[in-house]
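Have a look at the structure below, then the notes.
The values are calculated or read from the model by the stated rules, or taken from the named source; none is laboratory data. The structure presented is a predicted model; accordingly, all values stated were derived computationally and were not measured. Cβ: placed from backbone, ideal geometry, glycine included. Neighbour counts: every protein chain shown.
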Amino acid sequence: MTAYRRNIISTVHGNTQGLKPSQLRRIEKLYSRRIAPHQIVTPEFARQMTELSFETRRQIGALIDRKGYVEYVVVGDARRIELPDLKRTRVAADRFRGLRCVHTHLRGEELTQDDLTDLALLRLDLMASLDVDARTGLPGMVRAAHLLPTTVAELDANGAGEPYAFLEPQIPSQLDVDFLALINSLEEEMARNRRTARRAGARDRTILVGVTTNSLYEAEETMAELQELAASAGVVVLDSVIQRRNAIDPRTVLGRGKLEDLLVRALQLGADLIVFDRELQPAQVRALSEATDLKVIDRSQLILDIFAQRAQSREGKIQVELAQLKYLLPRLIAGQDSAFSRLAGGIGGRGPGETKLETDRRRVRDRIHRLEKEIKNLSQRREVRRKERMRREFPIISIVGYTNAGKSTLLNTLTSSHVHAEQRMFATLDPTSRRLRLPHEQEVIVNDTVGFIRDLPPDLLAAFRATLEEISDSNLLIHLVDAANPRWHQQLESVERILSELGFNQIPRLVVFNKADLIDKDSIESILRQASQSGARNCIAISATDPQSLRPMLERASAILARNLVEQPNNYSQTEEELEYESANLR
């Protein structure tokens, strides 16, 4: 059995051109050697490697498993060695690869950055180098390093921290490290870190990544919002990484060095998910997934996941599913797995039939078509309900704004309702309507709407267009802004931009700054002044949890409605039957 195993894997990898047949045969014989599992390397094996390296003037390396068998033998050049592709070897999330690399250094140098990068990217148990004596070819010092599992608390305490631990250099005969005991203790610590993260009650443990060509200040602001989104999605954020570049890497988004650092950090912390603060192309997702061996998603996917968790009504669920399928369709790409090239059909069909990929795409398109028909029918029913409301002569006020601005809280305070309100992004997906009596005995309908966000995924915006059409018949928009958020100005602009894209920019609006109780008076006055100078008209400050602060807003809203209704009178009349129907549906 052992002889058969050696014959199967006795290929020498790497730079073998120019080697003499006798040299190649002696290098191949490294496969027949076995090292005691608890040793990093034996003096005999080290001498065989250094003598071959001295004779060929090339680095010689061996990848050794935990049983002491040599799995790969690799030849490099005088400066470096390139390890073979190990992707087919699966690695558990809280384990190293089960292979250690021992290779020669001809110049007696320390472990290089390339060595440490390979250690991290390949998740090797250990990286060790053997110094080759320049006169005799005998082995000199053994220098070795391994990765350090690290907790979030340790990273916070130590800053970036050193991801590697280096063993004391020794000659091979004096190495007294119990290799198996060392690796087992490291993997136990990795498993503990992972169990600790799981006890946080989240599905995934993630590292957030922001890559920008603009200022770092802007990137930090968008990263803060991404952290809020991640919290709303129910994932544990282990760390965040920001890189500023002159241009985005078309393949991996990040630069090579930063990507390597990210992989080391993910391994240290036990992350199983990486979230990018930008929309990724399908090819980028594939390249990053292959490089990291982790699940990789972008900001749009995170938002879609939040919507999928929160959708309660049938209409909301349909809209979210439609958005997800539209996002998925262009990302259905044949991978390297042969399953994507299997043929379906065949018998009873003309020609070889469809590939599995084509079948998947066709099914997704069919499902999209059915969902679009359902949304169209729901939109028609909603249009009927809107016309019925218009006939009742009730002016309509819609509360719009950035997600988590406090729209549902404001509706609850105004109408003594109990609509679900939570300090989380996208807590409201299904629009809600309530009746409200304004000052001067004027009755109106108040709509709570889905929150907006910067760079809202186009597919999501399109899917929720039927719901957002509720806004189109409004007589007044209350644009609610979170005054306590340092990014209030960007949020205000994002909402105004989306309203313009939807064609709602002609509807009168009242800009209301919420959470005024959380900041001092001078700050709120400064915010109102800045908003007015930026072109926002009818600005006012409130606290949605304080009914007393809402009176000026209601007075202002009543005046705007009165002026607009005089200019554009409503000719619809209301019957007793319609009033009963309206009351039943608004309570």
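I'd like the full set of residues that are under 10 Å from the mean Cα position of the chain (by Cα) and in a helix (DSSP H, G or I), limited to the range 281-309. Break it down into steps so the answer makes sense when it comes.
First, pick out the residues of the range 281-309 that are under 10 Å from the mean Cα position of the chain (by Cα): 295-303.
Of everything in the range 281-309, those that are under 10 Å from the mean Cα position of the chain (by Cα) and in a helix (DSSP H, G or I) turn out to be 299, 300, 301, 302, 303.
It is to be established whether one or more residues within the range 283-301 are closer than 22 Å to residue 214 by Cβ and surrounded by fewer than 19 Cβ atoms within 10 Å (Cβ to Cβ).
Initial filter on the range 283-301 (closer than 22 Å to residue 214 by Cβ): 284, 288, 298-300.
Still in the list and also surrounded by fewer than 19 Cβ atoms within 10 Å (Cβ to Cβ): none.
No - not one qualifying residue is present in the range 283-301.
Table: residues versus (1) crowded, with 17+ Cβ neighbours inside 10 Å; (2) in the same structural domain as residue 115 (by TED's automatic domain parsing); (3) at pLDDT 95 or above; (4) part of a loop (DSSP other than H, G, I, E, B).
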position: 7; (1), (2), (3), (4): no, yes, no, no
position: 10; (1), (2), (3), (4): no, yes, no, yes
position: 17; (1), (2), (3), (4): no, yes, no, yes
position: 26; (1), (2), (3), (4): no, yes, no, no
position: 31; (1), (2), (3), (4): yes, yes, no, no
position: 39; (1), (2), (3), (4): yes, yes, no, yes
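Yes/no per residue for (1) out of contact with any Asp or Glu (no Cβ under 9 Å at 6 or more places or on another chain); (2) more than 16 Å from residue 402 (Cβ to Cβ):
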{"residue": "502", "(1), (2)": "no, no"}
{"residue": "505", "(1), (2)": "no, yes"}
{"residue": "519", "(1), (2)": "yes, yes"}
{"residue": "527", "(1), (2)": "yes, no"}
{"residue": "553", "(1), (2)": "yes, yes"}
query = Applying the selection to the range 524-534, what residues are surrounded by 13 or more Cβ atoms within 10 Å (Cβ to Cβ) and more than 25 Å from residue 564 (Cα to Cα)?
reply = 524, 527, 530
ask   = Of the numbered conditions (1) in contact with a Cys (Cβ under 7 Å, 6 or more places away or on another chain); (2) free of Cβ contacts under 8 Å to residues at least 12 places away in the same chain, residue 511 satisfies every one except a single condition; which is it?
value = (2)
task = Go through (1) in a loop (DSSP other than H, G, I, E, B); (2) farther than 24 Å from residue 555 by Cα; (3) at pLDDT 85 or above and name the single condition residue 484 misses.
result = (2)
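Taking residue 155, is it in a helix (DSSP H, G or I), farther than 30 Å from residue 310 by Cα, among the aliphatic types (A, V, I, L, M) and modelled with pLDDT under 85?
Taking the combined requirement at face value, the residue satisfies it.
Taking the stated definitions as given, is residue 51 assigned to a loop (DSSP other than H, G, I, E, B) and charged (D, E, K, R)? So that I can check it myself, show each step before the final result.
On the way: assigned to a loop (DSSP other than H, G, I, E, B): no; charged (D, E, K, R): yes.
Criteria not met by residue 51.
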task = Of the numbered conditions (1) at positive phi; (2) among the small types (Gly, Ala, Ser); (3) out of contact with any helix residue (DSSP H, G or I) (no Cβ under 8 Å at 6 or more places or on another chain), residue 234 fails exactly one; give the number of that condition.
result = (3)
ask   = Is it the case that some residue within the range 504-515 is at pLDDT 90 or above, more than 25 Å from residue 562 (Cβ to Cβ), of a type in the set (D, E, K, R) and more than 26 Å from the chain's Cα centre (by Cα)?
value = yes
key: Given (1) in contact (Cβ under 8 Å) with a residue 60 or more places away in the chain; (2) under 34 Å from the mean Cα position of the chain (by Cα), number of the condition residue 547 does not satisfy   = (2)
query = So is residue 310 surrounded by fewer than 19 Cβ atoms within 10 Å (Cβ to Cβ) and among the basic types (Lys, Arg) or not?
reply = no
message = Tally up the residues in the range 248-276 that are within 30 Å of residue 192 (Cβ to Cβ) and in a loop (DSSP other than H, G, I, E, B), please.
response = 4
query = Restricting attention to the range 472-484, does a residue exist that is surrounded by 15 or more Cβ atoms within 10 Å (Cβ to Cβ), touching a helix residue (DSSP H, G or I) at 6+ places or on another chain (Cβ under 8 Å) and free of Cβ contacts under 8 Å to residues at least 40 places away in the same chain?
reply = yes
ask   = Only one residue in 333, 375 is outside the structural domain of residue 461 (by TED's automatic domain parsing) and either part of a helix (DSSP H, G or I) or modelled with pLDDT of 80 or more (or both), so which one is that?
value = 375
inquiry  = Need the failing condition index for residue 501 against (1) over 24 Å from residue 562 (Cβ atoms); (2) in contact with a Ser or Thr (Cβ under 6 Å, 6 or more places away or on another chain), just the number.
reply    = (2)
